[in-house]
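Visitor: The structure that follows is given in the form of C-alpha cells.
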C-alpha cells in the first residue's frame with residue numbers, strides 16, 4: 001500500500017492544480033487502504049461480524065433489488081447493517097452558522113457501495129435512501145468518497161463486476177491501464193500492510209531484546225548520606241570519619257572502665273587567657289625614615305594625641321611620587337575672550 005494523498009498548494013490567485021498522475025496515485029492509495037481491516041476499524045466502521053475485507057457481493061442478489069426494504073434485508077443477512085445503525089444513531093445538529101444554511105444535521109459516514117450501474121438503475125434507487133450509504137460508479141472513483149476528510153480506510157461494499165473491472169481501469173504491475181493513458185498502479189512499499197502482524201511475528205520477536213521496564217534515570221546522591229559523593233567534594237572526609245570512629249570507640253571503652261572522658265583539646269588562640277600576645281612591631285621611633293604621624297582624637301577624654309607607625313611601601317610610593325597635573329583636552333579649556 002502506497003499512501004500518496006495530494007496536497008493543495010495555496011497561491012495568490014487561488015489553488016494550484018495537482019498533476020493528474022499524482023491524483024491517480026492518491027486514488028490507488030485510498031483504494032488499497034479500504035482492504036486493510038485495521039485501517040477500516042481505526043476509522044470507526046463496524047466490521048467485526050464480516051467474513052473478510054475487501055467485502056465483495058455477487059451481482060445476482062444486487063440486480064434483484066427493487067425496494068429499499070429489500071436492500072436493508074440484504075445488508076442484515078450480510079452482517080453489514082451494524083455500520084449503518086451507527087450512522088443513523090450519530091445524527092446531530094450542526095454547531096454554528098451552517099444549520100441555518102441548508103445543512104442543519106450531520107452524521108457519520110456509512111458504507112460506500114461501488115457498482116457498475118447507471119444512476120437510474122434499480123440498484124442505485126434501492127440503496128440511496130438508506131442513511132449513511134453513498135454510491136459511486138467504479139469509473140468515477142475519487143478521494144472525496146474513498147477517504148472523506150483525508151482519513152484512509154473507508155468501509156467499501158463491492159459489486160462483483162466492479163471489483164473485476166479494477167485491473168482494466170487502473171492496470172497492474174506489468175500491464176498498462178486500458179482507461180487511463182500510460183498509467184500503472186504504483187508498486188507497494190511493503191508486501192504485507194498488516195504492520196501489527198509483522199511486528200508480532202516469531203521471526204521479528206526472536207531478534208528483539210527484552211523490554212527495559214525501568215528506564216535509566218541519573219541518580220543524584222546526597223553527600224551527607226553517601227560517602228562516595230562526599231569524597232568527590234571533600235577528599236579529607238574519609239580521614240575525618242575514621243578519626244571520629246576511633247574517638248567514639250575510645251570513649252565507649254573509657255565509659256565501660258568508669259574513667260573520666262577527657263575533653264577534646266582546643267587549638268591555642270591569641271585571644272584566650274594565658275597566651276601572650278605578640279608584640280606590636282608597627283611602632284617605630286621618632287626620626288626613623290618611612291614613619292608618618294597621625295592624629296588620633298580620643299572621644300572619651302577629648303584629648304588629641306600623636307601616634308607614629310611605620311608607613312607601608314605602597315603609601316611611601318604614592319607619597320614620594322611627584323604630583324602631575326592632569327592633561328586637559330581642547331574642549332575642557334576655557335576659551336579666552338577679548
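The values are calculated or read from the model by the stated rules, or taken from the named source; none is laboratory data. Just so we're clear, the structure is a prediction, and the values are computed from it rather than from any experiment. Every residue, glycine as well, gets a Cβ built from its backbone with ideal geometry; the counts of neighbours run over all protein chains shown.
Visitor: In segment 165-210, what residues are under 18 Å from residue 29 (Cα atoms) and part of a helix (DSSP H, G or I)?
Guide: Those that are under 18 Å from residue 29 (Cα atoms) and part of a helix (DSSP H, G or I): 166, 167, 168, 169, 170, 195.
Visitor: Separate question: Can you say whether residue 71 is in the same structural domain as residue 198 (by TED's automatic domain parsing), surrounded by 15 or more Cβ atoms within 10 Å (Cβ to Cβ) and touching a helix residue (DSSP H, G or I) at 6+ places or on another chain (Cβ under 6 Å), as far as the supplied structure shows?
Guide: When the stated conditions are applied, residue 71 passes them.
Visitor: Going by the conditions given, is residue 185 without any contact (Cβ under 8 Å) to a residue 24 or more places away in the chain and in the same structural domain as residue 27 (by TED's automatic domain parsing)? Full working, then the answer.
Guide: Working: without any contact (Cβ under 8 Å) to a residue 24 or more places away in the chain: no; in the same structural domain as residue 27 (by TED's automatic domain parsing): yes.
No; evaluated as a whole, the condition is false for this residue.
Visitor: How many residues does segment 74-104 hold that are touching a strand residue (DSSP E or B) at 6+ places or on another chain (Cβ under 8 Å) and loosely packed, with under 12 Cβ neighbours inside 10 Å?
Guide: So the answer is 3.
Visitor: Whether any residue in segment 185-204 is surrounded by 10 or more Cβ atoms within 10 Å (Cβ to Cβ), under 30 Å from residue 240 (Cβ atoms) and touching a helix residue (DSSP H, G or I) at 6+ places or on another chain (Cβ under 6 Å) is what I want to check. Break it down into steps so the answer makes sense when it comes.
Guide: Narrowing segment 185-204 to residues surrounded by 10 or more Cβ atoms within 10 Å (Cβ to Cβ): 185-186, 188, 190, 192-195, 197-201, 204.
From the residues that got through so far, the ones that are under 30 Å from residue 240 (Cβ atoms) too are none.
No - not one qualifying residue is present in segment 185-204.
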